[in-house]
Amino acid sequence: IRVDLSSHTDCHETQKHNQDLSNNRAQSCVDYIVSKGIDPSRIVAKGYGESQLKNECADYVTCGCEDENKQIDPNCQECTKDQHQANRRTELRLLPDE
């Protein structure tokens, strides 16, 4: 079997920062699995940053309640820590051998 790893972040920080963070997170998982003796050709890993959120906690919506100009939206209801945590994850999926 092969393993597909997809790493994700929450909406804190910039999209570039989050993309880099998720790439590093995915690579850390690969490094760990390889250190346990698994052939790296059996691992597919990718970072998705904040592009595949599990909930509505996205930039300029509820992540900090600020717009691009640092103006606070009075109607904004900021996300909870649990909602942000749900978006910070690495998912593992088993793939059939090729």
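Considering only Ala86, Ala58, Ala26, the Gaussian network model of the chain with Cα springs below 10 Å gives its largest mean-square fluctuation to Ala86.
Taking the Cα centre of the chain as origin, work out the dipole magnitude from +1 charges on Lys and Arg Cβ and -1 charges on Asp and Glu Cβ, in debye rounded to 20.
Roughly 500 debye, rounded to the nearest 20.
So with the 1.4 Å probe, I'd like the accessible area per residue for the stretch 1-43, rounded to whole Å².
Values: 2550 Å² over 43 residues.
Accessible surface, normalised per residue, equals 59 Å².
Shown for the chain: lysine pairs separated by 8 or more places, or found on different chains, whose C-alpha atoms are under 29 Å apart, numbering 10. Express the carbon and sulfur contribution to the solvent-accessible surface of the chain as a percent, rounded to the nearest whole number, probe 1.4 angstrom. With neighbouring chains kept in place, the figure for the chain is 49 percent.
Report the extension gain between Asp39 and Arg89 in nm, rounded to one decimal, defined as 0.36 nm multiplied by the number of residues separating them, less their alpha carbon distance. Once the chain is fully extended between Asp39 and Arg89, it gains 15.7 nm.
Kindly rank 11-17, 36-42, 74-80 from highest to lowest mean number of other beta carbons found within 10 Å of each residue.
Going from most to least packed, we get 11-17, 74-80, 36-42.
Extending 7 Å from the Cα toward the beta-carbon at both Asp97 and Ile72 defines two label points whose distance is 6.0 nm. Picking from Ser51, Ser22, Ser35, which is most flexible by a Gaussian network model of the chain using Cα springs under 10 Å? Most flexible of the set in this elastic network: Ser35. Rounded to the nearest 10 degrees, the inclination of helix 15-35 to the longest alpha-carbon principal axis of the chain is 30 degrees. Just one of (i) 40, 37, 23; (ii) 65, 30, 25; (iii) 52, 21, 20 is Cα extents along the principal axes in Å as worked out from the coordinates here. Which one is it? Recomputing Cα extents along the principal axes in Å here gives the entry labelled (iii).
DSSP finds beta bridges in the chain, and of those with both partners inside it, around 60 percent are antiparallel. For the chain, the residue among Gln83, Val44, Gln15 whose Cα projects farthest onto the positive side of the dipole built from Cβ charges is Val44.
The values are calculated or read from the model by the stated rules, or taken from the named source; none is laboratory data. Since the model is a prediction, treat every value here as computed from it, not as a measurement. In this analysis, Cβ positions are derived from the backbone assuming ideal geometry, glycine residues included, and neighbour counts consider all displayed protein chains. These area figures cover heavy atoms from the full protein model, side chains too; ligands, DNA and RNA do not enter into them. Shrake-Rupley method; radii C 1.70, N 1.55, O 1.52, S 1.80 Å.
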